1. Quick one: what are the phi-derived ³J(HN,Hα) couplings along the range A:108-122, Karplus 6.51/-1.76/1.60 with θ = phi - 60°, whole Hz, x for glycine and proline?
2. Taking Cα atoms, how many degrees apart are the long axis of helix B:115-128 and the longest axis of chain B, rounded to 10 and kept between 0 and 90?
3. Among A:V297, A:I221, A:A282, whose Cα projects farthest towards the positive end of the dipole of the range A:203-316, with charges put on the beta-carbon of Lys, Arg (+1) and Asp, Glu (-1)?
4. Kindly give the semi-axes, whole Å and largest first, of the ellipsoid equivalent to the range B:131-226, taking each as the square root of 5 times a Cα gyration tensor eigenvalue.
5. For A:D138 paired with A:E238, estimate the spin-label separation in nm (one decimal), with each label point 7 Å from Cα along the Cα-to-Cβ line.
6. Using a 10 Å cut-off around each Cβ of peptide A:6-19, what is the average number of partner chain Cβ atoms that fall inside?
7. Compute the helix-to-body angle for A:378-403: its Cα long axis versus the longest principal axis of chain A, expressed 0 to 90° and rounded to tens.
8. Modelling each spin label as a point 7 Å along the Cα-to-Cβ direction, I'd like the A:I176/A:T286 distance in nm, to one decimal.
Amino acid sequence: MRFVELLRFATGAIIAHPMRSVLTSLGVVIGVAAVVMMTSIGLGAQQRVTSTIAGLGSNLIIVSPGASRSGGGSSLVMAAAGSGQSLNDRDVEAIRSQVDGLAAVAPSVRGQAQLAADGANWNSRIEGVTPDYLIARDLVIGQGRMFDEREARQGRKVVVIGTTVARELWGDADPIGKRLRVRAVPFEVIGVLESKGQSSFGQDQDDVVLGPLEAVRSRIIGRRARGDTVQTIYVKSETAETLDRVQEDTTNVLREEHKIRPGDDDDFQTQNMASILQASQAAIATFTVLLAAVAAVSLLVGGVGIMNIMLVAVTERTREIGLRMAVGARRSDILTQFALESIALSLVGGLIGLGLGVLGAIGIAKLGQWPAAIPAWAGPTALGFSCLVGLVFGAYPSWRAARLDPIEALRRE
Amino acid sequence: MIELTDLRKVYVMGEEEVAALAGVSLFIGRGEHLAVIGPSGSGKSSLMNILGGLDRPSSGTYRFDGEDVGSFDDNDLASFRRRRIGFVFQSFQLLPRLSALQNVELPMIYAGMAPAERRVRAAELLDRVGLASRMGHRPTQLSGGQQQRVAIARALANSPDLLLADEPTGALDTQTGQEVLALFKQLNRDGLTLILVTHDLEVAAAARRQVAFRDGLIVSDQQVAA
C-alpha cells in the first residue's frame, strides 16, 4: 500500500521531466543495448562455429600425413595441404582390425578435376573414397544410391555427386544414369548427395564428386601418387565418450605400422573434432565475456549519469523533501521514494536498451549470416542489472535526501 | 494539552553557544487560540519547530497529552507530526506538480489512508476552506490567498490536535490576510487548538492569548478580550 504510493511519487517525478528522464537513462540504454548485442554476437558466432565443425562429422578423428606440430588450428590447415605420403591402405586395414569401438574408417584421396557432361563443363573437387565415407562425414544420399564395397573393389567407374555439380552440369534434369567425364575418364552418375550448404570457411560443400577409392586413385590422381597411398583417413568413433581412446589407439597402431621408435615424432597427425570444437568454443566464450565486460563499463557510466541527476533532483527538491517530512513522511519513506525513482529511471533505460539490443543483434546476425542468438535469460538479466545499477547509484542521493534536516529543507529557496 | 518545562535550545556556532530558547515554561490548553509574538531572533521559530516535532529541545521537557515528545526518535517524531500536528507556512509550501486536491491528500497518503477515502476527505476539506471549484488547479494557477487556504486544508487532513501557523499572512495582502485569519478563527471556534507565530501585532490581535518572546525568554503572557 505505502510502497505503491511511493512508487507513484517516484514515477510522477520522472514523468514530470520526460526529456531529462530519457537523457538521464540514455547511459543505461546504451549500456544494456551493448551488453545484449555483444552477448548475442558471441553466442551467434559460437553456434555457427559449432555447426560448422559438427558439419565435418561428429565423433570424428581426421588422420593426415606429415609431422604434427603444436598449435591447434594452424596444423589443421597444414594437414589439409597434406603433401606427405605417409598413409596407405595397410594403415587403414591396421586401424580397422586393431582399434575397438569404431563406427567407420574411411580413407580418402582427393584432387581437383575438370568435369564434362552433355556439352557442359565444370571444375570440381573429386574424392576417392569407400562407402564408409558417408558414415564418417555424416553425409546422406538424397537421390539414387552410394556405390558398395564390391563395386569399389571391382574398380567400377561410378560416382556420386553433390548438388552443385548436378546443377552446374545438368540444370534441373535428373543426373542419375548420366555419363560424367572426369579428366576425360568416363564415369556413370549413380547418386546425388543431400545438400550441406556452405561451410563457414566459405567452401561449397556440395561442389564435390565422390568416386570409388581405387578408380579415382589409379585413373585420376594416379600419376602423382604411389599405388596404395591415401591422403586422409577419417576414423569415426561409435560414441563421443570413446573418442579420446580411439584417437589414442589409432595413434599407437599407426606408430607401430610406421615403425616409429618411442620418443620419435609421428609422421602423421590426428585431429579430434571434439577438441577443436572445445578449443574454438572456449576462445569465443572468452572473447564474448571480454566484449560484454567492455559493454558493461558503459552500463556503469550510465549509472554515474543517473547518480548525477538524482543528486541534482535532491537539491532541487529540498523544499519538497522538507514539506513531506513536515506532513509526516519518515526518513525511510523519503529514502524509498528517491531509490525507487532512481531504479525506475534505470529500469526504463534497461527496457529501451533491451529492445534496441535485440534489434541490433538481429541486424548484425543478418549482416554476419549467423543465427540471431538471444538467450532467454537476456531479458531478465538485463532488467535485473538495470535495477541493480539504479539501486547502487541511487543509494547515495537517496540517503542524502533522507538525511536532510526538515527545518533547513523548508527554509531553502 | 501542551506542557513546556524549562525548555532550552542551544545552537553551537563555531566556538560560541547561542541560546535560542533560554528556559521557557508554558502551558497551553486544548482549544486555545494563541499568538507567539516577538522580533526575529527572539526564539519563536525555534519554539514552533520544537512544538511541531521538527526539532528536539537541548534540555527541559515537552509533554504533549502526557507524552514526552522530547525523547522521541525520528520515526516517533514523524508519526507525531503526521497524526497530531498541522503546519501552515508563510510560503505555503505546496508541491507545484500536484493539484490542490493532491496536495491536500499528501498527509493522508503518509497516514496510509485508502485512495477513495482520502479523495473524498480532501474534497470535503477544500470545500470547507471555500475552494470546491478549484480542486483540479495547480498551485501556480491559484492566487496567494487560495494557495494558503489549500495549505490550511492540507494541515487539517489528518485531523490534527494542534495547528501551527508560522507567519501565515506574511506573503498575503491585507485583504486576503484578513480572510485567512477569519478562517483560523472559525477553525478555533470549531474546537481546533491554534498557535500562530508572528511578528505582526495586527495578526496577533486575532488570537485570544498573546505570548511575547525576547531573547529566548517569555516577556509577557496575556489574555486578549475577545
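Bear in mind these aren't lab numbers, they're just calculated from the coordinates by the rules spelled out. In this text, all values refer to a predicted model and were calculated from it rather than measured experimentally. Backbone-built Cβ (ideal geometry, glycine too); neighbour counts: all protein chains shown.
1. Each residue of the range A:108-122 in turn: 8, 10, 8, x, 9, 9, 7, 10, 9, 7, 6, x, 9, 10, 7 Hz.
2. 80 degrees
3. With unit charges placed on the Cβ atoms, the residue in question is A:I221.
4. Numbers: eigenvalues 135, 45, 30 Å².
They are 26, 15, 12 Å, listed from largest to smallest.
5. So the two model labels end up 2.0 nm from each other.
6. On the way: counts 2, 0, 2, 5, 0, 0, 4, 1, 0, 1, 2, 1, 0, 0.
For this peptide, the per-residue mean of nearby foreign Cβ atoms is 1.
7. Between the helix axis and the principal axis of chain A, the angle is about 20 degrees.
8. Placing both labels 7 Å beyond Cα along the Cβ direction yields 5.0 nm.
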